[in-house]
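Each remark here refers to the structure printed beneath this line.
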Ligand code: HEM
């Protein structure tokens with residue numbers, strides 16, 4: 001008997017220029033006509049674009065695996081096409097193996113742990129804004145380095161390397177494969193920064209410090225000591241998760257608030273509304289637009305015949321615009337509640353860093369609104385990441401504002 005045909009077939013590529021030019025319209029077109037469909041781009045993958053199919057697949061890890069399998073080439077399993085990166089833990093594991101590792105990560109990312117990081121987050125935010133506040137102009141992308149430096153410092157890596165880590169992860173996830181910048185990232189930066197991480201891991205084994213890497217090297221996995229390679233895989237994922245996503249959320253929010261000054265005024269006058277507003281910005285902007293799984297057992301999913309080995313794209317960004325779940329889904333309502341967006345994912349792999357991401361976004365947006373309340377953005381000069389398929393965001397956001405005083409001593 002021949003294998004069932006994959007259908008319906010659509011013309012779609014989340015990494016194409018057409019998609020990058022209008023991600024919302026591109027997803028709307030497939031979601032409203034064929035919410036589960038097969039595209040032949042990148043050697044073929046299923047595109048899940050309505051809320052229900054994304055939700056169902058994300059919660060069914062017996063069918064939709066996050067593991068590194070040979071299908072779809074080599075590299076990070078949760079993106080299409082796979083990008084050259086070392087294995088990430090726990091995002092590339094399935095239950096039950098996944099659980100022990102996730103518990104280890106949960107302890108350092110739980111609300112109480114993030115509470116203890118608040119002072120560091122606030123200090124870095126103040127410092128980054130201090131660097132530009134007297135001049136009256138900046139590129140917001142530089143100010144938005146806060147999530148990267150917080151993550152790198154919290155882990156115990158050299159804080160001075162924050163920009164290199166941030167650039168590396170942005171390029172491997174949003175750059176154009178084969179371009180000079182992509183090659184430099186994969187061939188030079190990745191090995192060099194990996195080597196630095198490995199050296200730090202070995203150093204913390206020899207001499208403990210007060211940081212996340214020290215905590216990680218002391219863990220046990222089912223009665224045996226965790227290996228350096230496992231610590232490396234967790235650290236790499238925390239760097240990848242911590243650097244780009246929050247920066248993307250904040251950058252898109254700042255541009256939008258410049259274009260919607262009434263909402264900006266409301267948030268300046270009512271800072272207590274920011275927490276709920278951040279959930280809505282998360283829904284609307286979906287910093288991580290879509291992630292992938294691999295089918296590990298033949299299944300009839302939402303009427304479509306999926307076969308073992310098929311790659312599947314779960315479009316969080318599109319699920320967030322599903323009108324059957326979110327009224328006026330294409331509008332931002334900062335009071336929207338409840339707000340069951342999928343921007344942190346769904347199911348067992350739901351973002352481990354969500355509390356940290358929220359805390360860093362809150363610190364940055366609130367301090368920018370407080371210290372640069374009249375900022376304007378040069379919309380003509382905005383530059384987006386080359387590809388918008390996995391992570392969306394800006395490479396440059398030139399801004400002007402009324403200068404103000406520094407808060408920290410000049411030599412801080
Ligand atoms: C606005 C900020 C953020 C967004 C939008 C975001 C988005 C996501 C998404 C969509 C997933 C699900 C992955 C999947 O289903 O395959 C995820 C997982 C993860 N994120 Fe985040 N993330 C953010 C911030 C952070 C931060 C700050 C960290 C840590 C420093 C972090 C660490 C992780 C980790 C470790 C996982 C894997 C969890 C697992 O596999 O169990 N994220 N994130």
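Derivation of every value follows stated rules applied to the coordinates shown; laboratory data play no part. Owing to the predicted nature of the structure, the values given are computational and were not obtained by experimental measurement. Neighbour counts are summed over all protein chains in view; Cβ atoms, including those assigned to glycine, are modelled from backbone coordinates with ideal geometry.
Just a few scattered comments:
- Structure-based [θ]222 nm, the chain - -39500 (n - 2.57) summed over DSSP H runs of at least 4, per residue, nearest 500: -14500 deg cm²/dmol
- Rounded, prolate or oblate (a/c below 1.5 giving rounded, otherwise prolate when a/b exceeds b/c) for the range 268-381 by Cα gyration tensor: prolate
- Between the C-alpha center of the range 48-113 and that of the range 364-404 there is a gap of 31 Å.
- Gyration tensor verdict on the range 314-377 (Cα atoms; rounded if a/c is under 1.5, prolate if a/b is larger than b/c, oblate otherwise): oblate
- Computing Rg and the Kirkwood Rh from the Cα coordinates of the chain gives a ratio, Rg/Rh, of 0.96.
- Sorting 360-367, 223-230, 296-303 by average packing, meaning the other beta carbons within 10 Å per residue, from highest down gives 360-367, 296-303, 223-230.
- Whole-Å distance, taken between Cα centres, linking the range 179-211 and the range 224-283: 24
- Take every pair of alpha-carbon atoms less than 8 Å apart whose residues are at least six positions apart; their mean separation over the length of the chain yields a relative contact order of 26 percent.
- Taking the average, over residues, of other Cβ atoms within 10 Å as the packing measure, peptides 71-78, 399-406, 49-56, 310-317 rank 310-317, 49-56, 71-78, 399-406 from highest down.
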